[in-house]
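Every read-out reported here was derived from the displayed coordinates using simple, explicitly stated rules and does not represent laboratory data. Note that the coordinates shown come from a computational prediction; the quantities given were computed from them, not determined experimentally. Backbone-built Cβ (ideal geometry, glycine too); neighbour counts: all protein chains shown.
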Amino acid sequence: MDIQFRKLESSDRTDEFDCGNASLNEYLRRYAPKDQRRMFGVTYVAVCCDPPCKVIGYFTLANTSIPRQGIPEDLLKGLPKYQGLPAFLLGRLAVDKTHHKKGIGEVLLSRCFEHCLTISKVSGARYLVADVKPSAITWYERFNFLRIDGNQNAESIKMFVDLDTVRSAVDGKAAAAAPIH
């Protein structure tokens, strides 16, 4: 199966997308194209490239800030005393049920990390924040996301990852893959 990862296009088939969560399905179909046109968020998709391109997964990326009082003190050492810390928002991440457990979610998150690291070179942002469904907390913790204290409800838990942690992991993998002379 040929899968491409790219920005959502108007020709992409989203009508059959079903991740098992009605609000995530509806967001992709109804709101992602509008948000993208209005520059409130950019949606990136994994598409199966048998024309027309069917979306099998997606994530949305936007800008935000997070209150410093939710971040553990040891992670704030040496940072400016700003009340709102610059961050990216992983607005949504979902994979079609027919493609669960195939690594698509991991690749989407990896692409999200790549975008954040690239953008952070030209626009300051230190963190990636996500509103995580309780059933997905363990999955996000595998990628070093931590809970933001005091920002939770029955439907979602705010979590974040420090982009320095992501950058170090990427740099470590690159160093490990480099040939030794």
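State all residues of segment 121-164 that are charged (D, E, K, R) and in a loop (DSSP other than H, G, I, E, B); if no residue qualifies, say none.
121, 126, 133, 142, 155
Looking at 7, 54, 77 in this structure, which one is touching a residue at least 12 places away in the same chain (Cβ under 8 Å), surrounded by fewer than 16 Cβ atoms within 10 Å (Cβ to Cβ) and not β-branched (Val, Ile, Thr)?
7
Go through segment 153-171 and give me each residue that's buried (at least 17 other Cβ atoms within 10 Å of the Cβ) and either free of Cβ contacts under 8 Å to residues at least 12 places away in the same chain or charged (D, E, K, R) (or both).
Those that are buried (at least 17 other Cβ atoms within 10 Å of the Cβ) and either free of Cβ contacts under 8 Å to residues at least 12 places away in the same chain or charged (D, E, K, R) (or both): 158, 162.
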